[in-house]
Structure formats: C-alpha cells, structure tokens
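First up is the structure itself, then whatever we jot down about it.
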Amino acid sequence: MKSYPLLRQDIFAWCLAAVLPAIWVVLFLNFPQTVALVIYMVVALAWVLLDRTNLMKQGITPPSFVWFWFPVVYLRQRDQMQGKPWRLMQVWLLCTVLSFVAIYLLNQRSGKENLAQSACSVVTKILHKEGIDERCIRVTDMHEEVSGRFWQAQALLNTGVKEPVTIEVRGRDIYVVLPEAGE
C-alpha cells in the first residue's frame, strides 16, 4: 500500500474529506434541510477554493472548482492529478457513512427525548389541575411496552419524588396517566 504524505498544504483538502461530513451532522440536526444544504455547499465551496489556491501557490494544477458540488469527485481528481493514492476520497466516504449513522442514531434518541419532554409538561399540568404545587423536572427510565404506542416511565418531581407514569402515543398526541391521580 502506497503511503500518503500528510502535508500542511493539504489542510483544506483534509477538512473537505473529514470535517465536512461532521459539519453535515450538526447542520442536519439543527437547521431546516434546505438551510443545512446551503450552508454545507457554501463551506464546501470555500474549502475547495482555498485548497485550489494552495495548490496553485505550489505550482500544481488543481481540479476544476465545479467539482465542489461533489466533494468526493473533487478529492479523487485532486489525488489522481498528483499521482497520490485516493486516500482523501476514502476518508470522505468513511466519514460520510459515519455521519449518516450518527444522524440516524441521534434522530432515534431525540425522538424518545422529545416524548419524555412532552410527557413531563403534561405531568406538570395534571399535578396543577389536581391542586398539587409540584412540577415535573424530567421523565426518566422510559421503557417501551407496546412498540411505538405505550411507554412506562418515572417522572422526577421538583420535590425529589419519582412518580410512575404511563405514556400513550396516539398519532401526534400523547396521553399521560399518573396512577395516583387517576388522570
């Protein structure tokens, strides 16, 4: 296997290969999809232009900046034109696969956390409706009883008491039952 020299002049190419997929995870989870895609493409364009500038300063003919739309192609072209092994492309592919796995796992986890947060606010409303001056801080120990429908959990109240709760999901609505309150 041919070695790949890690040179300071290649920093923007490495950012394009390894950091850009990581940025996609942050953008995808925190912004609307179109905004995330626009920011992603602007960052990709900036790094491609900075990398092209570095290559031209070294007297190396860079790949066309048009390839910024497809970072994997730009990175492959870059390595191919310099006679290097295609490590940048391989790193980009690996990091992109890992970023999609991370997005999938974080989306799964955030759905459960959103349900817990919504249930906590419902628990507080039920307690106030019953005339109890306590509030839910967090819903913990969530266990799915019926796939996607019923959950058993513990509501941690501001007094430090844990109350068992049952959460039912019906479409976009949730229903919470506190055994003692009968709600």
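The values are calculated or read from the model by the stated rules, or taken from the named source; none is laboratory data. In this text, all values refer to a predicted model and were calculated from it rather than measured experimentally. Heads up, the Cβs are rebuilt from the backbone with ideal geometry, glycines too, and the neighbour counts pull from every protein chain shown. Keep in mind that these areas ignore ligands, DNA and RNA; they rest on the heavy atoms of the full protein, side chains included. Shrake-Rupley method; radii C 1.70, N 1.55, O 1.52, S 1.80 Å.
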Exercise. Pairing the Cα long axis of helix 20-30 with the longest principal axis of the chain, what angle in degrees results, from 0 to 90 and rounded to the nearest 10?
Worked result: 30
Exercise. Setting aside same-chain residues fewer than 8 positions from K129, which aspartates and glutamates have a Cα under 18 Å from its Cα?
Worked result: E163, E180, E183
For this session: Whole Å is fine, so just give me how far the alpha carbon centre of segment 18-81 lies from that of segment 131-167.
Result: 46
Problem set entry | Å² per residue, accessible surface of segment 54-128 at 1.4 Å | 59
For this session: Express the carbon and sulfur contribution to the solvent-accessible surface of the chain as a percent, rounded to the nearest whole number, probe 1.4 angstrom.
Result: 61
Problem set entry | Of every Cα-Cα pair in segment 140-183, the percent that sits beyond 15 Å | 44
For this session: Calculate how steeply helix 33-57 sits against the longest principal axis of the alpha-carbon atoms of the chain, using the helix alpha-carbon long axis, and give the answer as 0 to 90 degrees to the nearest 10.
Result: 30
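Mean separation of Cα pairs under 8 Å and 6+ residues apart, divided by the residue count of segment 24-125: what relative contact order is that in percent?
22
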Exercise. Expressed as a rounded percentage, what relative contact order does segment 39-183 have, with Cα pairs under 8 Å and six or more residues apart?
Worked result: 12
For this session: Largest first and to the nearest Å, give the Cα extent of segment 1-75 along each principal axis.
Result: 40, 27, 19
Exercise. Hey, could you pull the Cα Rg and Dmax for the chain, both in Å?
Worked result: 25.2, 77
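Counting Lys and Arg as +1 and Asp and Glu as -1, each charge on the Cβ, what is the dipole of segment 23-94 about the Cα centre in debye, to the nearest 20?
200
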For this session: Determine the order of L157, L93 by accessible area, beginning with the largest, at a probe radius of 1.4 Å.
Result: L93, L157
Problem set entry | aspartates and glutamates with Cα under 15 Å of K112, excluding same-chain neighbours fewer than 8 positions away | D141, E144, E145, E168, D173
Seminar exercise, completed: Placing one equal point scatterer on each C-alpha of segment 81-183 and summing with Debye, one gets log10 I(q)/I(0) at q = 0.15, 0.16 Å⁻¹ equal to -0.65, -0.71
Exercise. What list of ³J(HN,Hα) values in whole Hz, one per residue of segment 148-165 in order, does the Karplus curve 6.51 cos²θ - 1.76 cosθ + 1.60 (θ = phi - 60°) give from phi, with Gly and Pro shown as x?
Worked result: x, 10, 10, 10, 9, 7, 10, 9, 8, 8, 5, 8, x, 7, 9, 10, x, 9
